[in-house]
1. In this model, which of 193/224; 76/205; 224/264 are farther than 22 Å apart at the alpha-carbon?
2. Order 97, 1, 133, most accessible first, counting only protein heavy atoms with a 1.4 angstrom probe.
3. Order these peptides, 19-32, 188-201, by their mean beta-carbon neighbour count within 10 angstrom, highest first.
4. Taking the chain on its own, what percent of its Cα-Cα pair distances exceed 27 Å?
5. About its Cα centre, how strong a charge dipole does segment 115-226 have in debye, to the nearest 20, once Lys and Arg get +1 and Asp and Glu get -1 at the Cβ?
6. Using the alpha carbon gyration tensor of segment 150-280, what are the three equivalent-ellipsoid semi-axes (square root of 5 times each eigenvalue), largest first, in whole Å?
7. Students often check this: by mean Cβ neighbours within 10 Å, which of 226-233, 37-44 ranks highest, and how do the rest follow?
8. In debye, nearest 20: dipole of segment 1-134 around its Cα centre with unit charges on the Cβ of K, R (+) and D, E (-)?
Amino acid sequence: MPAGERLGWYAQHFELVEVNSTFYSVPEPRMVERWCAATPNDFTFDVKLHQLFSFHSTPAKLLPPELQRRAETDAKGKVKSTPDLQEALFKTFLHSMSIIRNAGKLGLVLLQLSPAFSPRKHQLSELEPLIEMLGDYDLAIEFRNRNWAAGDELESTIDFVRKYRAIFVNVDAPASDHFTVMRSDVDEVTNPKAAYLRLHGRNAKAYITGKTVAARFDYDYSGKEITEVAERSKKLAQEARELHVIFNNNNLDYAPRAALRLRKALDQMVNVPAETLELL
């Protein structure tokens, strides 16, 4: 299928998409307009924030051209993140996001923190400037360092997210104590408006050692596991007005196929198109 037709096809089967490309670049307004035009009126885009905001090491080439010229970089071409640079990128980012918002299709804004953002080296208060900049938006925060959910630290983390009415991202991840793997036994709803569940697959070795995104999240959920996810989703949905469930097991067709099977397990599939049956 040509790339330009994929979103429209996807929107025939799902009501929500999580935009990952915005983690790597700010989309051109015309592209965002095409996204909106290709989807129904009630379609929702959850949008991932650019990696500069998430304490990831960011190459200058991932910034818009005008900001590349302004940014201070190290010998490896990595950007020195400053408040001025973040503010400038934020304004550019919000310009594109305003198109989705004005179309009534903007859901949550996702901050996917780096595993390097740890309790040992950082304070939660470091997130406050970004939270304040996003005051008019619904912010979901995914922690990628397990120590934020260890022992008493978990209560402090949840209290912080709830204090700012942000949305804590619950995960399904491999069974591992590695510091980059968040706990899967945490189900928290910190804002009654929405809850978030991201499913990364359960392939521990790949998650920890994979060199590419497809390798790290290479996992095909079984029927039994989909049933488990359905039950977990129902419980989370009882505490929030809406629940966003995202499959991030993005090798091959694993994610959309798992999502369709989950919709079926939740009795959301009524009239199933013929081509959907092949995926099921």
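The values are calculated or read from the model by the stated rules, or taken from the named source; none is laboratory data. Predicted, not measured: the structure shown is a model, and the values here were computed from it. As a convention, Cβ positions derive from the backbone with ideal geometry for all residues, glycine included, and neighbour counts pool all protein chains shown. The protein model used for the area step is the full one, side chains on, heavy atoms only, and it has no ligands, DNA or RNA in it. Shrake-Rupley method; radii C 1.70, N 1.55, O 1.52, S 1.80 Å.
1. Checking Cα-Cα distances, 193/224; 76/205 exceed 22 Å.
2. 1, 133, 97
3. Ranking, from highest mean packing down: 188-201, 19-32.
4. 41 percent
5. 400 debye
6. For segment 150-280, the semi-axes come out at 26, 21, 11 Å.
7. Top to bottom by mean Cβ count within 10 Å: 226-233, 37-44.
8. 420 debye
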